[in-house]
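Okay, here's the structure, questions in a sec.
The values are calculated or read from the model by the stated rules, or taken from the named source; none is laboratory data. Given the structure is predicted, the values throughout are model-derived calculations rather than measurements. Please note: Cβ atoms are built from the backbone with ideal geometry, for glycine as well, and neighbour counts cover all protein chains shown.
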Ligand SMILES: [Fe+2]
Ligand SMILES: [Fe+2]
C-alpha cells in the first residue's frame, strides 16, 4: 500500500541514516565558499571598467550580484552553526587567497575569462556538488538548501563562461595562451587543496607568481572597437526625451537610447563599491543588485535596437562619459552623492520615471512601455538603496548629500574636455531619427552640446 512519504520527502530513512559531514567540517567548507564568492565579486567589480567587451560587462554585472547574494546566504548559514562564528572578513587560507590573487592578475579578457570561468568557477561548482552529495540530507537540510540554490545559479554562470571562453579561443594562439593561464591558475588552486581545501596537495613547485606586485585597480571605463562613437560626448536623447512638443515616438526613441547608454552606471558603481571601506555585507548585496539593475537597463536598450535591426553599437555614440567623470574626478562618496541626486530626481512625476513610462505608452510601443515600467520599479528601489547606504555613509543630512551631488555633477562635467579630441563631437540625432523613424526630427538642432542636461536641470 502506498505510504505518505516520511521525513517531509527529503530522503529515505536509509539516506538519512548515512553519516555525512559534521558541523566543523561543514563550516570550514562554507567559510571557503564565502571567501571565494567575496573575492569573485570584488574581481568582477575591478574588471568591469577596463574590460572592453560589452557582453563581458553584462555578465560580470550579473555575476558580481549573484556572488554577493551567495556570500550572504552562506554567511547566514555559518552564523547558525554554533558560536562563536568564524570571521568572514579575513582569508581562511593564505594558499587559497594566493590563488585568487593570481586570478586577479590576469592581463586581458582572455586570461580573465580563462582563470575565473575556465578554472575557479567549474572547480567551485564541482565542490558544491560534492558537498551537497556528502551532506546528510536531513540533519543538514539548511546547508543543503543553500548549496542547491548556489549549484543552480553557478551552473548557469559556468555555462556562460564555457561559451565565452570558446568564443575567445578561436585561434591556436589564443588556445595556447588560455591553456597556459589555466594551467597556472590550476597549480595555485591545487596548492590550496582545491576549493574545499581537503584535496591532497601536489608535490610540484608553484610556477612564478604573477601577483607579486600589489594590485593596482583601473577604473577607467573602456569600450571595444565596435563602439565607433564612444568619444562623441554629444548625447541629444537626454534633452529630446524631456522637450515639450517632441512627438511621443521620437521621445521614446530617445528614452531607449538613454537606456542603452546606462552601462556607464555599473561602471561608476563598480568603483564606488570596490572602494567602499568595510561595509556590512548587506551593503554589497544591495549595491551589487543596483549595479546589476543598471546593466539590465542598458540591456533593455540593446534588446530594443536589436529588434529594430539597428546596429546600436555603431549608430548610437555610447560614450562612457558619466563613468569617466565619476571615476576619475570624484571620491567614491562624491560619486555616490551624484548617483543618489540623479535617482531621487527621477521620482518626480512631471519628468521622471513615471513620465518616461507614460511617454512610451503614448507612443503605443508595448516593448518600450514594458522596459520603462520595470526601469521605473528598479529606480524606486535604487532611491531606497541610495538613502540606506549613501546618505548613511556620508554622515550628513539627505539635503546636504543631494547638494553635494549637484555640485559634483556639474563640476565634473569639465573633465570630459580632456577626452573630447579623441573623437568628433557631432550631433548625430537628426540622421538617426531619419534613419530609424523615417522622418525628420522635431528637435531644434542648435540645442545639442556635450553638457548633460540630466545633471543640470530640474533637481
Ligand atoms: Fe537605471
Ligand atoms: Fe538606478
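Could you list, in sequence order, all residues of the range 296-350 that are more than 16 Å from ligand 2 (Cβ to nearest atom), in a loop (DSSP other than H, G, I, E, B) and over 19 Å from the mean Cα position of the chain (by Cα)?
Those that are more than 16 Å from ligand 2 (Cβ to nearest atom), in a loop (DSSP other than H, G, I, E, B) and over 19 Å from the mean Cα position of the chain (by Cα): 309, 310, 311, 316, 317, 330, 331, 349, 350.
Among the residues of the range 384-403, is there at least one that is within 16 Å of ligand 1 (Cβ to nearest atom) and surrounded by fewer than 18 Cβ atoms within 10 Å (Cβ to Cβ)?
Yes, because at least one residue in the range 384-403 is within 16 Å of ligand 1 (Cβ to nearest atom) and surrounded by fewer than 18 Cβ atoms within 10 Å (Cβ to Cβ).
Of (1) within 23 Å of residue 167 (Cβ to Cβ); (2) surrounded by fewer than 22 Cβ atoms within 10 Å (Cβ to Cβ), residue 111 satisfies all except one. Which?
(2)
Pick out the one residue from 69, 15, 55 that is closer than 19 Å to residue 155 by Cα, surrounded by fewer than 17 Cβ atoms within 10 Å (Cβ to Cβ) and either at pLDDT 95 or above or under 19 Å from the mean Cα position of the chain (by Cα) (or both).
Just a single option satisfies the conditions, and that option is 55.
Same structure, new question: Residues to consider are 379, 306; find the one that is surrounded by 20 or more Cβ atoms within 10 Å (Cβ to Cβ), without any contact (Cβ under 8 Å) to a residue 40 or more places away in the chain and in contact with a helix residue (DSSP H, G or I) (Cβ under 9 Å, 6 or more places away or on another chain).
379 is the lone residue from the list that is surrounded by 20 or more Cβ atoms within 10 Å (Cβ to Cβ), without any contact (Cβ under 8 Å) to a residue 40 or more places away in the chain and in contact with a helix residue (DSSP H, G or I) (Cβ under 9 Å, 6 or more places away or on another chain).
Quick one: in the range 406-426, which of the residues that are within 19 Å of residue 229 (Cα to Cα) and in contact with a helix residue (DSSP H, G or I) (Cβ under 6 Å, 6 or more places away or on another chain) is surrounded by the fewest Cβ atoms within 10 Å (Cβ to Cβ)?
Ranking the qualifying residues of the range 406-426, first place goes to 415.
Can you go through 281, 312 and tell me which one is surrounded by fewer than 24 Cβ atoms within 10 Å (Cβ to Cβ) and within 16 Å of residue 64 (Cβ to Cβ)?
Unique residue meeting the criteria: 281.
Quick test for you: out of 317, 266, pick the one residue that is more than 15 Å from residue 409 (Cα to Cα), touching a helix residue (DSSP H, G or I) at 6+ places or on another chain (Cβ under 7 Å) and in contact (Cβ under 8 Å) with a residue 40 or more places away in the chain.
None of the other options fit; the residue is 266.
Kindly check whether there is at least one residue in the range 33-49 that is assigned by TED's automatic domain parsing to the domain that holds residue 155, crowded, with 24+ Cβ neighbours inside 10 Å, modelled with pLDDT of 95 or more and part of a loop (DSSP other than H, G, I, E, B).
There is at least one residue in the range 33-49 that is assigned by TED's automatic domain parsing to the domain that holds residue 155, crowded, with 24+ Cβ neighbours inside 10 Å, modelled with pLDDT of 95 or more and part of a loop (DSSP other than H, G, I, E, B).
Among the residues of the range 203-214, write down those that are closer than 30 Å to residue 27 by Cα and either in a helix (DSSP H, G or I) or at pLDDT below 95 (or both).
203, 204, 205, 211
A further question follows. Taking into account only those residues within the range 356-373 that are within 16 Å of ligand 2 (Cβ to nearest atom) and without any contact (Cβ under 8 Å) to a residue 60 or more places away in the chain, which is farthest from the chain's Cα centre (by Cα)?
357
Evaluate the range 324-331: report whether one residue or more is in contact with a helix residue (DSSP H, G or I) (Cβ under 7 Å, 6 or more places away or on another chain) and within 15 Å of ligand 1 (Cβ to nearest atom).
yes
Another question, then. If you go through the range 256-292 one residue at a time, how many are closer than 16 Å to residue 62 by Cα and within 14 Å of ligand 1 (Cβ to nearest atom)?
Residues flagged as closer than 16 Å to residue 62 by Cα and within 14 Å of ligand 1 (Cβ to nearest atom) within the range 256-292 amount to 13.
Turning to a different aspect of this structure: Give me a count of the residues in the range 155-170 that are assigned to a helix (DSSP H, G or I) and touching a residue at least 40 places away in the same chain (Cβ under 8 Å).
Summing the residues that are assigned to a helix (DSSP H, G or I) and touching a residue at least 40 places away in the same chain (Cβ under 8 Å) in the range 155-170 gives 8.
A further question on this structure: Looking only at the range 171-202, count how many residues are part of a loop (DSSP other than H, G, I, E, B) and crowded, with 20+ Cβ neighbours inside 10 Å.
Qualifying residue count for the region: 4.
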